């Protein structure tokens, strides 16, 4: 039903945290697969992905991950981001409605002050991205990365929260 795509580069610790937050979704049958699209890691990222049972792509980027995905919907996450309790029901309901792309709400515990958000460079995947494979495939033709695919996209806001990945 849902394929999770995570684009990495030397993110072994962050990847492990993100994968741990997805376990409940896999147990409930919502998460069908996790695809790790690597961009030249020199650390142990590939071992973390392989030991967790993920598909690991060393080449091709996000476009190759989208082509490989078996789910009708994709969940794009940054390594290190963690989904808060309650995300499974919210995502399942959103997918059932077959609506537009969506992002998670930032957890209150990881929200930065307003002025800091305004003055910092906004990461398009900080709140994750839930998108249909059809829409992602069309956007991937002109986007070189998951970040580029998510930038400027009109989305709905989910009530489920995400603990945003720490800035590198």
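Every number here is computed from the coordinates shown, using simple stated rules; none is lab data. All of these numbers come straight from a predicted model, not from anything done at the bench. Quick reminder, even Gly has a Cβ in these numbers, built from the backbone with ideal geometry, and neighbours come from all protein chains shown.
Per-residue ellipticity at 222 nm, computed for the chain from helices alone with -39500 (n - 2.57) per DSSP H run of at least four residues, works out to -10000 deg cm²/dmol.
Counting neighbouring Cβ atoms within 10 Å and putting the fewest first, the residues 35, 95 line up as 95, 35. Exposure proxy for 6, 162: other Cβ atoms within 10 Å of each Cβ, ordered fewest to most, give 162, 6.
For each of 78, 85, count neighbouring Cβ atoms within 10 Å of the residue's Cβ, then give the residues from fewest to most.
Numbers: 78 27, 85 10.
The order, fewest Cβ neighbours first, is 85, 78.
If both residues of a DSSP beta bridge must be in the chain, then about 25% of such bridges are antiparallel. Which one is right for this structure if percent of Cα pairs over 25 Å apart is calculated from it: (1) 30; (2) 38; (3) 24? Recomputing percent of Cα pairs over 25 Å apart here gives the entry labelled (3). Note on the chain: with a GNM built from Cα contacts shorter than 10 Å, the maximum mean-square fluctuation among 36, 23, 133 falls on 23.
Sorting 69-77, 150-158, 138-146, 41-49 by average packing, meaning the other beta carbons within 10 Å per residue, from highest down gives 69-77, 41-49, 138-146, 150-158.
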